[in-house]
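A.B. asks: Quick one: structure below, then a few questions.
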Amino acid sequence: MSTVSQHDSSVGASLGATAAAQAEAADTEKYLVFSVAQEKYAVEVVRVEEVIEAYGITPVPRTPSYLLGIINLRGRIVPVLCVRRRFGFEAAVTSSDTRLVVLQVHLGEEMVSLGAVLDAVHGVVDISPSEIEKRPTLGNDENQHIAVTSIAKHENELLLVLNADLLLTKEYLDNSYEHLRQRVVG
Amino acid sequence: MNELGSPLDTFREEARELLEQLEQHLMQLEEDPTDHDSIDGAFRALHTIKGSGNMFDLDDLVGFTHIVEAVFVRVRDGKLPVSKDLIDLSLQARDHISSLLNETETGAADNETDERSQLLSKAFEAYLGDEAQSVSGEVFETHDSATANHSQHESEGEFTYRIEFTPASDSFLTGANPLLILNELAELGSILKIGYCEAIPDLKEIEPEHCYLRWVILLTTDQGENAVRDVFIFVEGSAEIKIDVIAEADPLMGESGYKRLGEILVDRGEIDPKDLEAAVSSKSYIGEVLVKKGFVSEEQINSALQEQNYVRDIRENRRTVETSTTIKVKVEKLDELVNLVGEFVTMHAGIAMVAERKNDQDFRAAAEQMEGLIRQVRDLSIELHMVPVEILFSGYRRLVRDLSEDLSKQVQLKLEGTETELDKNVIDSLKDPLLHIIRNSIDHGIESPELRKKKGKSPTGTLRLSAYYSGASVVIQVVDDGAGMDVERIRQKGIERGVIDTSDRYSEQDILQLIFAPGFSTNEQATSVSGRGVGMDVVRRNIEAIGGSIRIETAKDVGTTLSIRIPLTLAIVDGLLSRIGDSLYLINLSYIVECLDLQDVRKGGNGGDMIDFRGEIVPFLDLRSYFGVEGDRSEHPQLVVVAIEEKKIGLVVDDLLDKYQSVIKSLGKVYEQVEGISGAIILGDGKPALMLDIDRLVKVTRDEVKK
Amino acid sequence: MADKILIVDDSVSMRQMTNMILSGAGYEVVQAVDGKDGVAKMSADIKVVITDYNMPNMNGIEFIRAVRSGTVNKSVPILMVTTESEDSKKQEGKNAGATGWITKPFDKDTLLQTIHKVANPLAF
């Protein structure tokens, strides 16, 4: 948490210049900015439960490779997913920037906590709806862009807006397990 | 005592205590207006306040108290019944005496109090109004106080008597066997016998026909003192018998424990009060001092201690009985309690591990003591958390009614064993699986009324939900009298899917278990109600997640019975921690048959996939390869033999660590489909570890062998 | 050695008061909280016993009976303290074996004179 608040202040400083311009855009949303494989993403802060260091993960065997295991979050068992792997990249070596962001996501009919391991977290920004564009559908949406539904142009930077619910869907999960079973049988 | 202030200060303090007692007696009388002890107590409190107050010329106080006392004399003598009004008035009087008492301190007598005194006095005098008339009747009603007391002991309520019984030394010769008397006493109520052997002489001096024993007997009985005395009727002349009431029925008396050790000894005349006083003044334990100084024997001390405990217990029980009412507690609070206790247990397991590692004797002893305590708290909280399955069962009435209407079927729901209790968490976890099973039964099991008639059955089908205890488990059954399952069709389906081969080595139960396989369906035509049978794998999974198992029995056109066996509680599991690679896994102790060094076990079978376990050929599973763990194998792998319903397998792990008690937490939806893991625990260092799904592993291993 | 007097009374303030009067007059005082305690504290060297009538556990009358029928100092002079309202108890006390009585409230002189009277019957 402390890391995030540090980032917070640095983001806050850079925001200072445009504060006046944004003052009238009252309906801005707060987004958490993070990066995965050299690309910057943004996810609604309301979905973020917590940002913590990515350690203390107990692996669970016989699960899809993008599932890293479980952590103990103050007595609760929370599953952890590797965003890099989920997006089809090679898993990165854990660095001092690596973070675990606990998100609230819909899975089937349930709302669950899901830990997402990311390369780095940069802070929180205010994005107004006018800065967000729906992303044109691409031909092959299999991997890293599967969960990205729109793009935000914020301070001359492109941010891929992550729809947290699409990070892990029931269908995708069921398919993964099915693959796994067949692989084990085969 | 002598360091107190002036006698007047002492009096005030004493009077305040007496007013407290008065209030308690009045409250007791409100409940039981005939309680003699309380009437006596109320009277005595007033009497002492008046009598002592008189010595200090406290006229206002004495004058007022006198009138109240006079009324209680009438009550005590049975001339005036205790009424609600009288108690109200007496409570007011109590408060007024208290203010009068305060005035003796402040010295401020004000008019208001005077007026109040007069007002209340008048009210009390009204109760004395017919004093003169009742005098003529007094002659007939006179009791001497001893018999009045006596009749009290004869009356309702339990008393505890201390009976000191010293049989005559020749009582064996006269045929009066003291043991028979003791037995007879035991029939009157609950009894504590303390035998004294101190009079037994040296062996060579013993006369075999002499009785050297004496007893102190504590008897709690609702029989009167006369009934107790009657027991001794034949030995009365020769034996020494002393009977005292040491604990009364009055529950208020019991609030402050029992007499002190010294008092008991004095009561029994075993010690001189002066010696006691001397002993009390020293700081050590009174019992020790008394024995050391030779005032009493250790035997006497022990006996007095037993009396102390006995009376305490009796009073404790009495209070429990009297206050044994139910209170309502919010379920959330109970949940929280059970959760916290679970965390407590988990944390203690962590502490015990640290204690073990540090190898500190004191630390370990403390951790062990704590364990005992935690176990008690745990058991109690689990008990609090049990609810009857009725709550679960009756929730399905509506479902059954609506469903049968939707499907144009006639179904009668019968509930059995609804009083069977289960952990509320278990009940919650059963809600969905049972719903699914019931849906299936009505949808696929019970036939339409027309079809049933054709089969010669009653047009109304019966669905029975029943629950019963079976060892440390509860079995819940869903029984329908429907069409039954078509085993042959399930077999065909299994063969089609390549799950089983065409050989005939599968038992009916093996084949029936196929319906719990993921995605296995026998119904080509999905209905809106039960879907396509996808539910059954989830049902099994949910039940296994709470440590349960499920069995099917079916007969064509007779019906289907689904039996779910679940542990009484799933709050906490006793397990054995084992290591596989870098991870720790918990194995539920209740499934473990034995742990062996793998080196000591003879392997056999095709490709060495079987072991010889005490003459039995048992398949085994190498968890390292099953879980795909990389890295070096342990030099001394361990074999844990587990069994589910007599079906044994061996599990190979790298190392066995400690026993570990923990709350089992669900892995959640993301890991719902994992094979071989049924939940997670949190270790002492805060890291999660996984719980092995023994039921699943047994099945997988044995299926593997069949192939 | 000072004469010993046993006070049997459940009221602590009464005991303290009586104790003050008696100690002031040079007596040695033994206190008991009720009849039972009184019996227990009875000893051969007690010159006079002063007992309250109304007490828990064992009242004054029962106490007197117990002393008179006991073995220790059974003929010791016993004074029973009663209140005016307990006039009828005086006879009962006498029957039980009380030597005399004194009515509450009493003053110092009355108490000391009465004790003197019962302790030295030949003085009159």
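The values are calculated or read from the model by the stated rules, or taken from the named source; none is laboratory data. Values in this document were obtained by computation on a predicted structure and should not be read as measured data. Positions of Cβ are backbone-derived with ideal geometry, glycine not excepted, and every protein chain shown enters the neighbour counts. Side chains are part of the model used for accessible areas, which takes the heavy atoms of the whole protein and leaves out ligands, DNA and RNA. Shrake-Rupley method; radii C 1.70, N 1.55, O 1.52, S 1.80 Å.
A.B. asks: Those residues that are farther than 18 Å from A:Glu53 by Cα and either among the aliphatic types (A, V, I, L, M) or more than 12 Å from chain B (Cβ to nearest Cβ) (or both), I need them from region A:87-124; list them, please.
C.D. replies: Hits for region A:87-124 are A:Phe87, A:Gly88, A:Phe89, A:Glu90, A:Val105, A:Leu107, A:Met111, A:Val112.
A.B. asks: As an exercise: evaluate A:Glu110 against (1) within 21 Å of A:Arg85 (Cβ to Cβ); (2) touching a Lys or Arg at 6+ places or on another chain (Cβ under 7 Å); (3) at pLDDT below 90 and give the number of the one condition it does not meet.
C.D. replies: (1)
A.B. asks: Considering only helices (runs of 4 or more DSSP H) fully contained in region B:368-440, which possess at least 1 residues that are out of contact with any Pro (no Cβ under 6 Å at 6 or more places or on another chain) and under 19 Å from B:Leu334 (Cβ atoms)?
C.D. replies: Because the criterion is at least 1 residues that are out of contact with any Pro (no Cβ under 6 Å at 6 or more places or on another chain) and under 19 Å from B:Leu334 (Cβ atoms), the helices (runs of 4 or more DSSP H) in region B:368-440 that meet it are B:390-394, B:424-440.
A.B. asks: Across region C:84-104, which residue is farthest from C:Arg15 (Cα to Cα) among those that are crowded, with 18+ Cβ neighbours inside 10 Å and over 14 Å from the mean Cα position of the chain (by Cα)?
C.D. replies: My answer is C:Glu92.
A.B. asks: Only one of (1) more than 13 Å from chain C (Cβ to nearest Cβ); (2) closer than 14 Å to B:Ala93 by Cβ; (3) not aromatic (Phe, Trp, Tyr) is not met by B:Gly78, so which one is it?
C.D. replies: It is condition (2) that B:Gly78 fails.
Each row is one residue, and each column tells you yes or no for (1) farther than 22 Å from B:Asp428 by Cα; (2) modelled with pLDDT of 75 or more.
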{"residue": "B:Arg497", "(1), (2)": "yes, yes"}
{"residue": "B:Glu508", "(1), (2)": "yes, yes"}
{"residue": "B:Gln513", "(1), (2)": "yes, yes"}
{"residue": "B:Pro518", "(1), (2)": "yes, no"}
{"residue": "B:Thr527", "(1), (2)": "yes, no"}
{"residue": "B:Met536", "(1), (2)": "no, yes"}
{"residue": "B:Gly548", "(1), (2)": "no, yes"}
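A.B. asks: Next question, about the same structure. Return yes when C:Val81 is over 30 Å from B:Val62 (Cα atoms) and either surrounded by 18 or more Cβ atoms within 10 Å (Cβ to Cβ) or in contact (Cβ under 8 Å) with a residue 40 or more places away in the chain (or both) and no when it is not.
C.D. replies: no
A.B. asks: Condition first: closer than 17 Å to B:Leu562 by Cα and surrounded by fewer than 23 Cβ atoms within 10 Å (Cβ to Cβ). Now tell me which residues in region B:431-450 satisfy that.
C.D. replies: Selection gives B:Lys431, B:Asp432, B:Leu435, B:His436, B:Arg439, B:Asp443, B:His444.
A.B. asks: Cβ-Cβ under 6 Å, sequence separation 6+ or interchain: first residue in region B:386-404 and over 17 Å from B:Ser441 (Cβ atoms), partner part of a helix (DSSP H, G or I). Which pairs?
C.D. replies: B:Val387/B:Lys424
A.B. asks: Which residues, counting only those in region C:64-78, are of a type outside the set (A, V, I, L, M, F, W, C) and either in a loop (DSSP other than H, G, I, E, B) or more than 12 Å from every other protein chain (Cβ to nearest Cβ) (or both)?
C.D. replies: Scanning region C:64-78 gives C:Arg68, C:Ser69, C:Gly70, C:Thr71, C:Asn73, C:Lys74, C:Ser75, C:Pro77.
A.B. asks: Further question on the same structure: Give region B:681-707 a look and list any residue that's at pLDDT below 90, within 15 Å of B:Gly575 (Cα to Cα) and facing another protein chain (nearest Cβ under 7 Å), or say none.
C.D. replies: B:Ile682
A.B. asks: Right, another one. Within region B:129-150, can one find any residue that is at pLDDT 70 or above and part of a helix (DSSP H, G or I)?
C.D. replies: Scanning region B:129-150 turns up no residue that is at pLDDT 70 or above and part of a helix (DSSP H, G or I).
A.B. asks: Continuing with the same structure: When you scan region B:321-376, how many residues do you find that are farther than 22 Å from B:Asp423 by Cα, modelled with pLDDT under 80 and of a type in the set (Asp, Glu)?
C.D. replies: Residues that pass the stated criteria total 1.
A.B. asks: What are the residues in region C:1-20 that are basic (Lys, Arg) and open to solvent by 20 Å² or more (accessible area, probe 1.4 Å), if any?
C.D. replies: If the condition is that a residue be basic (Lys, Arg) and open to solvent by 20 Å² or more (accessible area, probe 1.4 Å), then C:Lys4 is the only one that fits.
A.B. asks: Among the residues of region C:1-21 satisfying the criterion of being among the hydroxyl-bearing types (Ser, Thr, Tyr) and either without any contact (Cβ under 8 Å) to a residue 24 or more places away in the chain or outside any helix (DSSP H, G or I) (or both), which is farthest from C:Val49 (Cα to Cα)?
C.D. replies: Among those residues, the one meeting the criterion is C:Ser13.
Rundown of residues vs (1) open to solvent by 70 Å² or more (accessible area, probe 1.4 Å); (2) closer than 18 Å to C:Ser11 by Cβ, yes/no style:
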{"position": "B:Leu8", "(1), (2)": "no, yes"}
{"position": "B:Phe11", "(1), (2)": "no, yes"}
{"position": "B:Ala15", "(1), (2)": "no, yes"}
{"position": "B:Glu23", "(1), (2)": "no, no"}
{"position": "B:Asp35", "(1), (2)": "no, no"}
{"position": "B:Ser38", "(1), (2)": "no, no"}
{"position": "B:Lys50", "(1), (2)": "no, yes"}
{"position": "B:Gly53", "(1), (2)": "no, yes"}
{"position": "B:Asp57", "(1), (2)": "yes, yes"}
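A.B. asks: Also, I was wondering about something else. Assuming B:Ser297 fulfils every condition listed in (1) at pLDDT below 75; (2) among the polar types (S, T, N, Q); (3) within 20 Å of B:Phe165 (Cβ to Cβ) apart from one, which condition is it?
C.D. replies: So B:Ser297 meets the others, but not (1).
A.B. asks: Closer than 11 Å to C:Ile50 by Cα and in contact with an Asp or Glu (Cβ under 8 Å, 6 or more places away or on another chain), is that true of C:Val76?
C.D. replies: Working: closer than 11 Å to C:Ile50 by Cα: yes; in contact with an Asp or Glu (Cβ under 8 Å, 6 or more places away or on another chain): no.
Taking the combined requirement at face value, the residue does not satisfy it.
A.B. asks: Quick check on my filter: what residues within region C:21-63 are of a type outside the set (Gly, Ala, Ser), surrounded by fewer than 18 Cβ atoms within 10 Å (Cβ to Cβ) and facing another protein chain (nearest Cβ under 9 Å)?
C.D. replies: C:Pro56
A.B. asks: Look at B:Thr65 and say whether it is open to solvent by 30 Å² or more (accessible area, probe 1.4 Å), out of contact with any strand residue (DSSP E or B) (no Cβ under 8 Å at 6 or more places or on another chain) and either aromatic (Phe, Trp, Tyr) or more than 10 Å from chain C (Cβ to nearest Cβ) (or both).
C.D. replies: no
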